[in-house]
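The structure appears below as structure tokens.
The values are calculated or read from the model by the stated rules, or taken from the named source; none is laboratory data. Keep in mind that what you see is a predicted model, and the values were worked out from it rather than measured. Note that we place each Cβ from the backbone using ideal geometry, even for glycine, and neighbour counts take in every protein chain shown.
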Amino acid sequence: MSTSSTSPAPSPARSALASFLIPTHVTRWVRVLAWASLVANALLIVTGGAVRLTGSGLGCPTWPRCTDESWTNTPEMGLHGVIEFGNRMLTFVLVVVALLTFASVWRLRVRHPLFWKLALAIGLGIILQAVIGGITVRTGLNPWVVGIHFVVSAVLVAVASVLVNRTRRASLEHVAVAERKGQLAGRDRGAARVLGAVLAASGFLAVYLGTLVTGTGPHSGDAGEVSRLLFDPYVITRVHVVPVYVLTATTAICLGVAFWLRWPAPVRRILLALTLLVLAQAAIGYYQFFNGVPELAVGMHMAGAAALAAVITMTTEKLYAVSASAQETPVAPATPTDRASASA
């Protein structure tokens, strides 16, 4: 006589945890993880700046180990070893956040296919960053590699920023309605998209050329002999400010047009935030240039670059969203399921 065996049903607590971690609709947990991805990748830029400005870039002189004999820093390595090893440990935090983010959007991949693609891109980017970080150490802080390391971080911040915008719009009805209200059409639509493209392009060029300025300057990341870029510091700085001027002018034009033509309130708010950030970043840049690039000012400028990558991306994404045509999946209110989960 044969008996059939059945697997035990999962406990209610386990089912609840699974539903929380891997939801079927956009919940507060999904939105929190999108923000966590953004903040964690921005924090990597800030801690990377601390490594550079304290001369701790070779605090762990090899990779993937900290030394040839140890995976961790040793007391003999002093503060530089602690700072560099601490920066490396942040990668594991990023990995955990990336895995949780990917899991949280996995069951949303049919309704919101872009979410899991963005989460996957963030996860793969973090792995790429770890490899580039190793190459940076192995090449003795080559400034070209260091610059790539920074740019990839800025791109990851930008990708996470898109995920933040999209998850909020998909699950918070007041956000979707506010962006749809007064949705752009005709000439406004074209102007918004052109201005958004100029914002994104000038912002990227400003960030990239900023890495060349830093790679030419005195903060090599280590007290020893580290190669520097051979640009003339004055000339490369002047080249760097060209896209900054374009970014500043475009932001001012966007802000003026948005208020004059009464573009949706979320667009006006994000443009106002971008304007203040651009002005603050420009002020810090001029201060450090005329005061011998002091470490604190450089660190603030690097943090500002991370913030710019996020806010420029959010601004551009909103401009494209409110100017989307019906064929391009316009901004729409959240689904009933998502609305019910907005406070979940």
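Regarding the range 217-232, can at least one residue be identified that is assigned to a helix (DSSP H, G or I) and β-branched (V, I, T)?
The answer is no; no qualifying residue exists.
Any idea which residue in the range 249-262 is surrounded by the most Cβ atoms within 10 Å (Cβ to Cβ), counting only those that are of a type in the set (V, I, T) and closer than 17 Å to T313 by Cβ?
So the residue we want is T251.
In this structure, is A265 surrounded by fewer than 18 Cβ atoms within 10 Å (Cβ to Cβ) and at pLDDT below 95?
Against the criterion (surrounded by fewer than 18 Cβ atoms within 10 Å (Cβ to Cβ) and at pLDDT below 95), A265 qualifies.
Tell me which of these R238 doesn't satisfy, since it passes every other one: (1) in contact with a helix residue (DSSP H, G or I) (Cβ under 8 Å, 6 or more places away or on another chain); (2) part of a helix (DSSP H, G or I).
(1)
Can you name the residue in the range 111-167 that is polar (S, T, N, Q) and farther than 26 Å from T24 by Cβ and, of all such residues, is surrounded by the most Cβ atoms within 10 Å (Cβ to Cβ)?
First, pick out the residues of the range 111-167 that are polar (S, T, N, Q): 129, 136, 139, 142, 153, 161, 165, 167.
Next cut, farther than 26 Å from T24 by Cβ only: 129, 136, 139, 142, 153.
Values: Q129: 21, T136: 23, T139: 13, N142: 18, S153: 25.
Restricting to residues being polar (S, T, N, Q) and farther than 26 Å from T24 by Cβ, the top hit is S153.
From (1) surrounded by 15 or more Cβ atoms within 10 Å (Cβ to Cβ); (2) touching a residue at least 40 places away in the same chain (Cβ under 8 Å); (3) polar (S, T, N, Q), pick out the condition that doesn't hold for N73.
Evaluating N73 over (1) surrounded by 15 or more Cβ atoms within 10 Å (Cβ to Cβ); (2) touching a residue at least 40 places away in the same chain (Cβ under 8 Å); (3) polar (S, T, N, Q) leaves (2) as the failure.
If only one of L124, L172, L118 is modelled with pLDDT of 95 or more and under 24 Å from P266 (Cα atoms), which one is it?
L118
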